[in-house]
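A.B. asks: To start, I am sharing the structure in question, which I have written as structure tokens.
The values are calculated or read from the model by the stated rules, or taken from the named source; none is laboratory data. For clarity, every value in this text was computed on a predicted model and none was experimentally measured. Cβ coordinates were reconstructed from backbone atoms using ideal geometry, including for glycine residues, and neighbour counts include every protein chain displayed.
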There are 2 protein chains.
Amino acid sequence: MSVTLPLGFRAAGITAGLKASGKPDMALVINDGPTKHAAGVFTSNRVAAAPVHWSRQVLADGRVDAVVLNSGGANACTGPQGFQNTHATAERLAALLGVSAGDVAVCSTGLIGEQLPMDKILPGLELLVDNAGPDAGSAAADAIMTTDTVSKEASYIGFDPLGTGFTIGGMAKGAGMLAPGLATMLVVITTDAIVSPELLDAELREAVRLSFNRADSDGCMSTNDTVLLLASGASGSYPTGEEFGKGLQEVCKNLARQLIGDAEGAAHDIAIRTFNAASELDAETVSRAVARSNLFKTAIFGKDPNWGRVLSAVGTTDAVFDPDRLNVAINGVQICRNGGIGEDRSLVSLEDREVLVEIDLNAGEDEATIWTNDLTHDYVHENSAYSS
Amino acid sequence: MSVTLPLGFRAAGITAGLKASGKPDMALVINDGPTKHAAGVFTSNRVAAAPVHWSRQVLADGRVDAVVLNSGGANACTGPQGFQNTHATAERLAALLGVSAGDVAVCSTGLIGEQLPMDKILPGLELLVDNAGPDAGSAAADAIMTTDTVSKEASYIGFDPLGTGFTIGGMAKGAGMLAPGLATMLVVITTDAIVSPELLDAELREAVRLSFNRADSDGCMSTNDTVLLLASGASGSYPTGEEFGKGLQEVCKNLARQLIGDAEGAAHDIAIRTFNAASELDAETVSRAVARSNLFKTAIFGKDPNWGRVLSAVGTTDAVFDPDRLNVAINGVQICRNGGIGEDRSLVSLEDREVLVEIDLNAGEDEATIWTNDLTHDYVHENSAYSS
């Protein structure tokens, strides 16, 4: 159900012929209201795709009537022609739905540097509108997959202070940020709660900060990353900001974990938790430095609890710590104590897919966790063979 | 000849039994003067190995009489015992040579987090002193290898304004910064020129900045990286700072290229040149961002001229540029023009080991080149299997 679990939404997923594989490649999410409130978070990459430039403008007034998404082409680095194609897509969909093109967001994912085949996109829009319905959330989730092996959906059910229920539904695509030319992470989240655009924006930024921004497969940032949040208000439920934010964070974290769990070629899902840090930023910086160390990531692939590579990465950061007071545990075994040799490394098992690395900075009381993957032969294979 | 090409130096390389393989594992370089001027540059990793802490102190007064180096153990993250072992090594060698321990630098490379076997190190020192001679530079270069497949040496011959010749010799180990627990890059450079410690220091920092600091195999920084420069003054030659700096940069760049050329598991040596930048720092930042992109590096391994991954990496930087005015050429073919599609990508051949990526920022007149490698199956294999 995902994005169509909340009341007031229709969705569709169809095959327009953009992919050589013949798999579904276009998706649509329509907000039938009564409210059309929306918020969005986009890639911070300065080389942003045409649909990102377009959708940023659409989101500026906090209103979105519909979102159209395509896999099979990122429409990034495609120049003025690429932007015109995004514009034409929004105009055509707006005409079909009887809404303003300025309220139609567009998302694309696929190879960078190729023009979209508009002779397939435009007929695809008609098919999408014809197929749009309140039960097609999963079809939409299928249609945005690229190298994903499974579709990603999540939901949350909550209540406002009067006991009136609301729901949040979400779908995501992307093999972490691992995937190559088609690096993109696309997320659409819907809710039938009544929430102002301002609160949607604030809660979305906080939820993204604590979820997708802490999933770091390979440190690469896409030109197309987009997270959209649409609120229909159809439930008549007025949740508190706290309750809504809690539900939104749960959905975002759930989707983020699914992205990491499906990252290309990964053999281990790794949570890197840094605690006793002087600040949350310090904790995040340290966890991220370890998550981005190819040496650490290859060691985990090799089932080698190589804490020296953890410390090497920690040492490159400007976080507050004393090298002689660092502790590191892998899967519960404290193999590094006071910056030196701790328990026997042979006690650490890395047979399971889940790995927990805990770094004790002994410098404060804050913490943060980054989720990442190991670096494997399959990662190299998938990312070296992709576009050829 | 390498470090014993310049007059006034003796060296040795012997087998102390630190490596299971039985290969040479200890090296010595002695400066017999008349001058004992020296300069050093060390890792900026805050988790620094015991020998780095020791040698930093030794270099503080600009004098070094001898350098002892061992492979087979990094002596990093080894606590107070590790530092005592480094100290004992310097004391013992100083006694054997009749010099002050405070003038003996120590370098180690190998696995992090294991104590050195002092029962092998101390007898090894005697063997080193017994074997030290003016022709053993290459033996020393062999003894510092870890995962290196070949030893690295370089030399330069120059003249002072009066026509008196001087030489510079250097040896290096390290598979870029690619290598894992034994990540270390160790470099010892000797010269028989008469150069003050202050000028040695200034010229060494500039040469390192333009050579080793621009070789970036995998963005990982060792706990042990050390570059030492020793001047004996035995040639009687007083080169100008400019002439000496030129020679030193040539030797450093030569060694840096050899390190990249022998990086673990690499199939391509990649030079990433960014030009028309607003500043040299901008150019370096952009080249380094591309050099650290796993997606770019796997693409090159797959012989895929994926310029979209180059632009994605460029877009993550804060350098001055307009995304619509970026040009990218790979091996001379301008496949990205004005931020969009340029010449046909099929015109690019990536069959050769050498790859040149040229990024035109169209924002100024500065440039910088970073040397890196591709990311290959062999990299994953060597770094996942190493310590197990």
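A.B. asks: So which residues in segment A:203-255 are closer than 30 Å to A:Cys77 by Cα and among the aliphatic types (A, V, I, L, M)?
C.D. replies: Narrowing segment A:203-255 to residues closer than 30 Å to A:Cys77 by Cα: A:204-230, A:252, A:255.
Hits for segment A:203-255 are A:Leu204, A:Ala207, A:Val208, A:Leu210, A:Ala215, A:Met221, A:Val227, A:Leu228, A:Leu229, A:Leu230, A:Leu255.
A.B. asks: Take A:Ala271 and decide whether it is of a type in the set (A, V, I, L, M), farther than 24 Å from B:Asn224 by Cα, assigned to a strand (DSSP E or B) and away from chain B (no Cβ under 11 Å).
C.D. replies: Numbers: of a type in the set (A, V, I, L, M): yes; farther than 24 Å from B:Asn224 by Cα: yes; assigned to a strand (DSSP E or B): yes; away from chain B (no Cβ under 11 Å): yes.
Considered against the rule, which asks whether it is of a type in the set (A, V, I, L, M), farther than 24 Å from B:Asn224 by Cα, assigned to a strand (DSSP E or B) and away from chain B (no Cβ under 11 Å), A:Ala271 comes out as yes.
A.B. asks: Would you say B:Thr285 is assigned to a loop (DSSP other than H, G, I, E, B) and at pLDDT below 95?
C.D. replies: So B:Thr285 does not fit the description; no.
A.B. asks: Checking the condition in the same structural domain as B:Leu229 (by the TED database) and surrounded by fewer than 19 Cβ atoms within 10 Å (Cβ to Cβ), which residue from B:Asp61, B:Asp103, B:Asp25 passes? Steps first, please.
C.D. replies: On the way: B:Asp103 fails: surrounded by fewer than 19 Cβ atoms within 10 Å (Cβ to Cβ); B:Asp25 fails: surrounded by fewer than 19 Cβ atoms within 10 Å (Cβ to Cβ).
B:Asp61 is the lone residue from the list that is in the same structural domain as B:Leu229 (by the TED database) and surrounded by fewer than 19 Cβ atoms within 10 Å (Cβ to Cβ).
A.B. asks: Next question. Please verify whether A:Thr4 is crowded, with 22+ Cβ neighbours inside 10 Å, within 14 Å of another protein chain (Cβ to nearest Cβ) and polar (S, T, N, Q), treating the condition exactly as stated.
C.D. replies: On the way: crowded, with 22+ Cβ neighbours inside 10 Å: yes; within 14 Å of another protein chain (Cβ to nearest Cβ): no; polar (S, T, N, Q): yes.
For A:Thr4, the condition - crowded, with 22+ Cβ neighbours inside 10 Å, within 14 Å of another protein chain (Cβ to nearest Cβ) and polar (S, T, N, Q) - is not met.
A.B. asks: Quick check on this structure: which one of B:Glu367, B:Glu343 is more than 8 Å from every other protein chain (Cβ to nearest Cβ), acidic (Asp, Glu) and over 27 Å from the mean Cα position of the chain (by Cα)?
C.D. replies: Matching residue, one of B:Glu367, B:Glu343: B:Glu343.
A.B. asks: Which of the residues that make up segment B:300-309 are more than 7 Å from chain A (Cβ to nearest Cβ) and either at pLDDT below 90 or not in a loop (DSSP other than H, G, I, E, B) (or both)?
C.D. replies: B:Ile300 - this is the single residue of segment B:300-309 that is more than 7 Å from chain A (Cβ to nearest Cβ) and either at pLDDT below 90 or not in a loop (DSSP other than H, G, I, E, B) (or both).
A.B. asks: Tally the residues that are within 25 Å of A:Ala16 (Cβ to Cβ) and within 14 Å of chain B (Cβ to nearest Cβ), restricting the search to segment A:28-49. Even if it seems obvious, please write down each step before you answer.
C.D. replies: Within segment A:28-49, the first condition is being within 25 Å of A:Ala16 (Cβ to Cβ), and the residues that meet it are A:28-32, A:38, A:40, A:42-43, A:48-49.
Retained after the next criterion (residues that are within 14 Å of chain B (Cβ to nearest Cβ)): A:42-43, A:48-49.
Final tally of qualifying residues: 4.
A.B. asks: B:Ser279: farther than 13 Å from B:Leu356 by Cα and facing chain A (nearest Cβ under 7 Å), yes or no? Can you show your working first?
C.D. replies: Numbers: farther than 13 Å from B:Leu356 by Cα: yes; facing chain A (nearest Cβ under 7 Å): no.
Taking the combined requirement at face value, the residue does not satisfy it.
A.B. asks: B:Val251: in a helix (DSSP H, G or I), β-branched (Val, Ile, Thr) and either more than 16 Å from the chain's Cα centre (by Cα) or assigned by the TED database to the domain that holds B:His37 (or both), yes or no? Full working, then the answer.
C.D. replies: On the way: in a helix (DSSP H, G or I): yes; β-branched (Val, Ile, Thr): yes; either more than 16 Å from the chain's Cα centre (by Cα) or assigned by the TED database to the domain that holds B:His37 (or both): yes.
The answer is yes for B:Val251.
A.B. asks: When you check B:Lys297 against the structure, is it under 24 Å from B:Asn213 (Cα atoms) and either outside any helix (DSSP H, G or I) or within 11 Å of chain A (Cβ to nearest Cβ) (or both), yes or no?
C.D. replies: On the way: under 24 Å from B:Asn213 (Cα atoms): yes; either outside any helix (DSSP H, G or I) or within 11 Å of chain A (Cβ to nearest Cβ) (or both): yes.
Criteria met by B:Lys297.
A.B. asks: State whether the residues of segment A:337-350 include one that is touching a Cys at 6+ places or on another chain (Cβ under 8 Å), assigned to a loop (DSSP other than H, G, I, E, B) and more than 30 Å from A:Ala20 (Cα to Cα).
C.D. replies: The first filter runs over segment A:337-350 and keeps only residues touching a Cys at 6+ places or on another chain (Cβ under 8 Å), leaving A:339-342.
Checking the rest, the ones that are also assigned to a loop (DSSP other than H, G, I, E, B) come to A:339, A:342.
Those left that are additionally more than 30 Å from A:Ala20 (Cα to Cα): A:339, A:342.
The answer is yes; a qualifying residue exists.
A.B. asks: Being over 28 Å from the mean Cα position of the chain (by Cα) and among the charged types (D, E, K, R) is the filter; apply it to segment A:310-337 and report the residue that is farthest from the other protein chains (Cβ to nearest Cβ).
C.D. replies: A:Arg325
A.B. asks: Something else now. So B:Asn85 passes all but one of these: (1) within 14 Å of chain A (Cβ to nearest Cβ); (2) in a strand (DSSP E or B). Which condition number does it fail?
C.D. replies: Only one criterion in (1) within 14 Å of chain A (Cβ to nearest Cβ); (2) in a strand (DSSP E or B) is unmet by B:Asn85, namely (2).
A.B. asks: If you don't mind, there's one more thing I want to ask. Taking segment A:122-150 as the search range and keeping residues that are modelled with pLDDT under 95 and among the hydroxyl-bearing types (Ser, Thr, Tyr), which one is nearest to A:Asn70 (Cα to Cα)?
C.D. replies: A:Thr146
A.B. asks: Another question, if that's okay. Identify all residues within segment B:360-388 that are at pLDDT 90 or above and out of contact with any helix residue (DSSP H, G or I) (no Cβ under 6 Å at 6 or more places or on another chain); write none if there are none.
C.D. replies: B:Asp360, B:Leu361, B:Ala363, B:Gly364, B:Glu365, B:Thr369
A.B. asks: Just the residues that are closer than 21 Å to A:Cys336 by Cβ and either away from chain A (no Cβ under 12 Å) or not charged (D, E, K, R) (or both), please, taken from segment B:103-116. Steps first, answer last, please.
C.D. replies: Applying the first criterion (closer than 21 Å to A:Cys336 by Cβ) to segment B:103-116 yields B:108-116.
Within segment B:103-116, B:Ser108, B:Thr109, B:Gly110, B:Leu111, B:Ile112, B:Gly113, B:Gln115, B:Leu116 meet the criteria.
A.B. asks: For the structure I just gave you, tell me whether A:Val208 is in contact with a strand residue (DSSP E or B) (Cβ under 8 Å, 6 or more places away or on another chain) and closer than 17 Å to A:Ile359 by Cα.
C.D. replies: So A:Val208 does not fit the description; no.
A.B. asks: In the same structural domain as A:Leu204 (by the TED database) and closer than 14 Å to A:Thr86 by Cα: is that true of A:Arg56 in this structure? Step through it out loud before you land on a result.
C.D. replies: Values: in the same structural domain as A:Leu204 (by the TED database): yes; closer than 14 Å to A:Thr86 by Cα: yes.
It is true that A:Arg56 is in the same structural domain as A:Leu204 (by the TED database) and closer than 14 Å to A:Thr86 by Cα.
A.B. asks: While we're on this one: Tell me which residues, restricted to segment B:98-113, are in a helix (DSSP H, G or I) and in contact with an Asp or Glu (Cβ under 7 Å, 6 or more places away or on another chain). Explain how you work it out, then say what you get.
C.D. replies: Looking only at segment B:98-113, we keep the residues that are in a helix (DSSP H, G or I), and these are B:101-103.
Correct list: B:Ala101, B:Asp103.
A.B. asks: Which numbered condition trips up A:Ala266, out of (1) modelled with pLDDT of 95 or more; (2) within 13 Å of another protein chain (Cβ to nearest Cβ)?
C.D. replies: (1)
A.B. asks: So, one more: Go through segment A:121-139 residue by residue and tally those that are of a type in the set (Asp, Glu) and either surrounded by 15 or more Cβ atoms within 10 Å (Cβ to Cβ) or not in a loop (DSSP other than H, G, I, E, B) (or both). Steps first, please.
C.D. replies: Narrowing segment A:121-139 to residues of a type in the set (Asp, Glu): A:126, A:130, A:135.
Among the residues that remain, those that are also either surrounded by 15 or more Cβ atoms within 10 Å (Cβ to Cβ) or not in a loop (DSSP other than H, G, I, E, B) (or both) are: A:126, A:130.
Number of matching residues: 2.
A.B. asks: What residue, of A:Ala231, A:Ala256, A:Ala291, is in contact with a strand residue (DSSP E or B) (Cβ under 8 Å, 6 or more places away or on another chain) and outside the structural domain of A:Thr164 (by the TED database)? Explain how you work it out, then say what you get.
C.D. replies: Details: A:Ala231 fails: outside the structural domain of A:Thr164 (by the TED database); A:Ala256 fails: outside the structural domain of A:Thr164 (by the TED database).
Criteria check complete, one pass: A:Ala291.
A.B. asks: Another one. For segment B:344-388, enumerate the residues that are acidic (Asp, Glu) and within 17 Å of B:Asn327 (Cβ to Cβ).
C.D. replies: B:Asp344, B:Glu358, B:Asp360, B:Glu365, B:Asp366, B:Glu367
A.B. asks: What's the number of the only condition in (1) within 13 Å of another protein chain (Cβ to nearest Cβ); (2) crowded, with 16+ Cβ neighbours inside 10 Å that A:Val68 fails to meet?
C.D. replies: The one condition A:Val68 does not meet is (1).
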